[in-house]
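Visitor: Quick one: the structure is below, questions incoming.
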Amino acid sequence: MSSVLYDVPGPKARLRNVVYTIVFLAVLGLVAFWVLSALADKNQLSADKWSPFATDSRVWTTYLLPGLVETLKAAALSILIALPLGAALGIGRLSDHRWVRVPVGAVVEFFRAIPVLLLMMFSSAVYAAYTPISSDFRPLYAVVTGLVLYNASVIAEVVRAGVLSLPRGQGDAAVALGMRKGQTMLYVLLPQAVTVMLPALVSQLVVIVKDTALGGAMLGFGELLSQNRQITANYGANTIATFTVIALIYIVINALLTRLAALLEKRLRQGRKSAATKTVVVPVVDVGSA
């Protein structure tokens, strides 16, 4: 038997799949047992390593929550700047004018090719040498600048690919109606491309949230992950427990972002579907009765 997409496995293939699954789960269980045993031997699973996160509120109020606030602040500022800047760069790359398209393309390719950490460090050096920004705020400025330069370039490519993925007839129909290039892009192409671009944009937003940790590692930015040094220094070298809790916080934040994007995408699709199925009712005049 076969379906449209693949051949339906026969009895032997199904048996092999079951065996492979059992073997994989067994190996995974052995690896997990080995890891937990190693952690137990180092006393990393003892209650005193994990209890501060449940019994001492100062762990949260002094370290984790302030670090989370700094992470969200840097990520929010980067997103608010990178999204419109990336959209503008993406539209610029689609321009019919060579004098616009070529320089914008060079900017996008340049910043997309440089590691975001290098952009952060270079921004920090520039702010230290040529601006009066105090050292207290310089890490935040450097982190946001690096994230904006890199992610705006990536978002520009997402916008360009999303617009180019639309059927050519969409733009041709708008031109036939007498719409200018800017009007076609703003009112016809971009609204339709948003649904196509949304998964890639959400992935990039998740990357922005996680990349704030680079500033904590290299620039002394007091974001969430950097708080592990303070916690382990004050609560008995509970490194594994601290990293586990911080990882769970990141997972919750990114899961909320993904969920929010899924709801937004569903609403956009429903709105487009309802708009497409909406019909205009024309009143019928009874000529005979008139």
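The values are calculated or read from the model by the stated rules, or taken from the named source; none is laboratory data. Nothing here was measured: the structure is a model prediction, and the numbers come from that model. Every residue, glycine as well, gets a Cβ built from its backbone with ideal geometry; the counts of neighbours run over all protein chains shown.
Visitor: Residue pairs, Cβ under 6 Å, 6 or more apart or interchain, first in segment 240-268 and within 23 Å of LEU39 (Cβ to Cβ), second in a helix (DSSP H, G or I). List them.
Guide: ALA241/LYS49; ALA241/TRP50; THR242/ASN228; THR242/ILE231; THR242/THR232; VAL245/PHE53
Results for (1) hydroxyl-bearing (Ser, Thr, Tyr); (2) at pLDDT below 90; (3) surrounded by 14 or more Cβ atoms within 10 Å (Cβ to Cβ); (4) within 30 Å of ASP96 (Cα to Cα), shown as yes or no for each residue.
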residue	(1), (2), (3), (4)
THR184	yes, yes, yes, yes
TYR187	yes, yes, no, yes
VAL202	no, yes, yes, yes
LEU214	no, no, yes, no
PHE221	no, no, yes, no
LEU264	no, yes, yes, no
ARG267	no, yes, no, no
GLN270	no, yes, no, no
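Visitor: Are there any helices (runs of 4 or more DSSP H) wholly within segment 1-71 with 2 or more residues that are modelled with pLDDT of 85 or more, and if so which?
Guide: 11-41, 52-55
Visitor: For ASP41, state whether it is over 30 Å from MET197 (Cβ atoms) and among the acidic types (Asp, Glu).
Guide: It is true that ASP41 is over 30 Å from MET197 (Cβ atoms) and among the acidic types (Asp, Glu).
Visitor: Take the conditions farther than 15 Å from THR145 by Cβ and of a type in the set (Ser, Thr, Tyr) and apply them to SER124. Does it pass?
Guide: Against the criterion (farther than 15 Å from THR145 by Cβ and of a type in the set (Ser, Thr, Tyr)), SER124 does not qualify.
Residue by residue, here is whether (1) closer than 19 Å to VAL116 by Cβ; (2) not hydrophobic (A, V, I, L, M, F, W, C) holds:
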site	(1), (2)
THR195	no, yes
ALA200	yes, no
ALA217	yes, no
GLY220	yes, yes
ILE231	no, no
GLY236	no, yes
ILE253	yes, no
LEU263	no, no
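Visitor: Could I ask something else about it? Name the pairs whose Cβ atoms lie under 7 Å apart, with the first residue in segment 113-142 and within 27 Å of GLU157 (Cα to Cα), the second surrounded by fewer than 14 Cβ atoms within 10 Å (Cβ to Cβ) and not charged (D, E, K, R), and 6 or more positions between them or separate chains?
Guide: Close Cβ pairs (under 7 Å, with a partner that is surrounded by fewer than 14 Cβ atoms within 10 Å (Cβ to Cβ) and not charged (D, E, K, R)) do not exist here.
Visitor: Checking LEU118 against (1) under 22 Å from SER226 (Cβ atoms); (2) buried (at least 18 other Cβ atoms within 10 Å of the Cβ); (3) within 24 Å of the chain's Cα centre (by Cα), which single condition isn't satisfied?
Guide: Every condition holds for LEU118 apart from (2).
Visitor: Could I ask something else about it? If we keep just the residues of segment 60-105 that are over 24 Å from the mean Cα position of the chain (by Cα) and within 25 Å of ALA142 (Cβ to Cβ), which is surrounded by the most Cβ atoms within 10 Å (Cβ to Cβ)?
Guide: TYR63
Visitor: So for segment 4-26 (the condition being under 29 Å from the mean Cα position of the chain (by Cα), of a type outside the set (Asp, Glu) and either more than 30 Å from THR145 (Cα to Cα) or loosely packed, with under 10 Cβ neighbours inside 10 Å (or both)), does at least one residue qualify?
Guide: Among the residues of segment 4-26, not one is under 29 Å from the mean Cα position of the chain (by Cα), of a type outside the set (Asp, Glu) and either more than 30 Å from THR145 (Cα to Cα) or loosely packed, with under 10 Cβ neighbours inside 10 Å (or both), which makes the answer no.
Visitor: So which residues in segment 229-244 are touching a Phe, Trp or Tyr at 6+ places or on another chain (Cβ under 6 Å) and buried (at least 19 other Cβ atoms within 10 Å of the Cβ)?
Guide: Those that are touching a Phe, Trp or Tyr at 6+ places or on another chain (Cβ under 6 Å) and buried (at least 19 other Cβ atoms within 10 Å of the Cβ): ILE231, ALA241.
Visitor: Can you confirm whether LYS12 is out of contact with any helix residue (DSSP H, G or I) (no Cβ under 6 Å at 6 or more places or on another chain), of a type in the set (D, E, K, R) and within 30 Å of ASP136 (Cβ to Cβ)?
Guide: Here the answer is no, as LYS12 does not meet what is asked.
Visitor: For segment 85-99, name all the residues that are part of a helix (DSSP H, G or I) and either closer than 18 Å to THR184 by Cα or among the basic types (Lys, Arg) (or both).
Guide: Matches in segment 85-99: ALA87, ALA88, LEU89, GLY90, ILE91, GLY92, ARG93, ARG98.
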